[in-house]
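K.L.:
Quick one: structure below, then a few questions.
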Protein chains: 2
Amino acid sequence: MEQVAAKAGVAKSTLYRRWPSKVELAVHAVAATFDEIEIDDHGSLAADMRAGIGEAARLLRDPSTGGAYAALLAESARDPGGVGVRVRESLSTRLHALVATSVERAIDRGEIRRDMIDVDLLADVVVGSVMHRALATGEPDEAFVDGLIALLADVAYARLRREQREQRD
Amino acid sequence: MEQVAAKAGVAKSTLYRRWPSKVELAVHAVAATFDEIEIDDHGSLAADMRAGIGEAARLLRDPSTGGAYAALLAESARDPGGVGVRVRESLSTRLHALVATSVERAIDRGEIRRDMIDVDLLADVVVGSVMHRALATGEPDEAFVDGLIALLADVAYARLRREQREQRD
């Protein structure tokens, strides 16, 4: 908290008045970052997903956001009933909403059907993979983003094709 | 370190002799957990992946393993040149090897071709998604594991079908 207060140029007591603990401050900071993300309409689910994954990579590559997020996950494991619940309430719902925005648009466009996609699973796959690449195994560079997009596009292809076949039979 | 020493019933100095820091101890503990995983041959890539994802879910659901892993990712963000390199060297290589074992077997069986799969990407998708579900968004329960398997199976389906079509044309 001391470092944060010094960086922000405020007294530690000011910080503590607003965020009673480091965890509250980290939850607030990560939530504020999520709130900044704008999910523009790029005309197709593939283009929306590319923009969303690129944005997740940009955010989690930043050590302060990626590090704060990973630290919150570590604290969630230590205190699932306290920090875990705060993280779930504050961050999971935002993440779900971000992914759901693109998915709803794709359903409206007639690109996919609602029962083809599990929004929560998709959120875990996108954010989990990008975070793991950013912090554990390497850089979420363009080749990685391309690979992840190709993987999700193949899932959509397989599901649409299965539906076409079912309609034909 | 004090708590670990108490739990193990040894002097703190004994711990410090072997692992000069908490980070070294955590890297060692997570690496040892990975080394325990046995990748049995289940007869097909789908069955191998199901066993691997189930194992990842079991391990990361355990707060001590999941928490230690997330804490290492947070430290990697703080110190990419130090802790980050240790995590990459010690953990990423093990993860890659675990996924590669199943993939090599599937190639030998003739189920997939080497150029259809990016082993590093697959490792990030599996471990990242499971970790994110375990620590951020909920429980990596059976429905989640089924959903992740179905997603990867659809990727394999799409790639095999594309190859068949290319061979036909």
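K.L.:
If you go through the stretch B:56-69 one residue at a time, do you hit one that is assigned to a loop (DSSP other than H, G, I, E, B) and either among the hydroxyl-bearing types (S, T, Y) or at pLDDT below 90 (or both)?
P.N.:
Yes, the stretch B:56-69 contains a residue that is assigned to a loop (DSSP other than H, G, I, E, B) and either among the hydroxyl-bearing types (S, T, Y) or at pLDDT below 90 (or both).
K.L.:
Of (1) more than 7 Å from chain B (Cβ to nearest Cβ); (2) in a helix (DSSP H, G or I), A:I112 satisfies all except one. Which?
P.N.:
(2)
K.L.:
Go through (1) touching a helix residue (DSSP H, G or I) at 6+ places or on another chain (Cβ under 7 Å); (2) over 24 Å from B:T137 (Cα atoms); (3) modelled with pLDDT of 90 or more; (4) of a type in the set (A, V, I, L, M) and name the single condition B:A47 misses.
P.N.:
Just one mismatch for B:A47, condition (1).
K.L.:
A further question on this structure: Could you list, in sequence order, the residues of the stretch A:89-114 that are charged (D, E, K, R) and in contact (Cβ under 8 Å) with a residue 12 or more places away in the chain?
P.N.:
A:R94, A:R105, A:R109, A:E111, A:R113
K.L.:
Provide a single number: the residues in the stretch A:68-88 that are within 9 Å of another protein chain (Cβ to nearest Cβ), of a type outside the set (A, V, I, L, M, F, W, C) and in contact (Cβ under 8 Å) with a residue 40 or more places away in the chain.
P.N.:
Going through the stretch A:68-88 one residue at a time, the tally reaches 2.
K.L.:
Checking the structure you have, find out if any residue of the stretch A:147-160 is among the charged types (D, E, K, R) and closer than 20 Å to A:S44 by Cα.
P.N.:
Looking through the stretch A:147-160, at least one residue is among the charged types (D, E, K, R) and closer than 20 Å to A:S44 by Cα.
K.L.:
To continue, here is another question. With respect to A:E166, is the statement that it is among the acidic types (D, E), out of contact with any helix residue (DSSP H, G or I) (no Cβ under 7 Å at 6 or more places or on another chain) and either more than 10 Å from chain B (Cβ to nearest Cβ) or surrounded by fewer than 19 Cβ atoms within 10 Å (Cβ to Cβ) (or both) true?
P.N.:
Here the answer is yes, as A:E166 does meet what is asked.
K.L.:
Further question on the same structure: Determine which member of the set A:S102, A:S92 is at pLDDT below 95, assigned to a helix (DSSP H, G or I), over 25 Å from A:E163 (Cα atoms) and among the small types (G, A, S).
P.N.:
Sole residue among the options that is at pLDDT below 95, assigned to a helix (DSSP H, G or I), over 25 Å from A:E163 (Cα atoms) and among the small types (G, A, S): A:S92.
K.L.:
B:A134: modelled with pLDDT of 90 or more, assigned to a helix (DSSP H, G or I) and within 11 Å of chain A (Cβ to nearest Cβ), yes or no?
P.N.:
yes
K.L.:
Tell me, yes or no, whether the stretch A:135-145 has at least one residue that is hydrophobic (A, V, I, L, M, F, W, C), free of Cβ contacts under 8 Å to residues at least 60 places away in the same chain and surrounded by fewer than 17 Cβ atoms within 10 Å (Cβ to Cβ).
P.N.:
For the stretch A:135-145, residues hydrophobic (A, V, I, L, M, F, W, C), free of Cβ contacts under 8 Å to residues at least 60 places away in the same chain and surrounded by fewer than 17 Cβ atoms within 10 Å (Cβ to Cβ): present.
K.L.:
I'd like to check something: does the stretch B:93-102 contain any residue that is buried (at least 19 other Cβ atoms within 10 Å of the Cβ), more than 11 Å from chain A (Cβ to nearest Cβ) and more than 11 Å from the chain's Cα centre (by Cα)?
P.N.:
Yes, the stretch B:93-102 has at least one match.
K.L.:
If you don't mind, there's one more thing I want to ask. Does at least one position in the stretch B:152-163 carry a residue that is under 19 Å from A:V127 (Cβ atoms), surrounded by fewer than 18 Cβ atoms within 10 Å (Cβ to Cβ) and without any contact (Cβ under 8 Å) to a residue 24 or more places away in the chain?
P.N.:
no
The values are calculated or read from the model by the stated rules, or taken from the named source; none is laboratory data. Worth saying up front: this structure is predicted, and the values here are computed from it rather than measured. Positions of Cβ are generated from backbone atoms using ideal geometry, with glycine treated the same way; all protein chains shown enter the neighbour counts.
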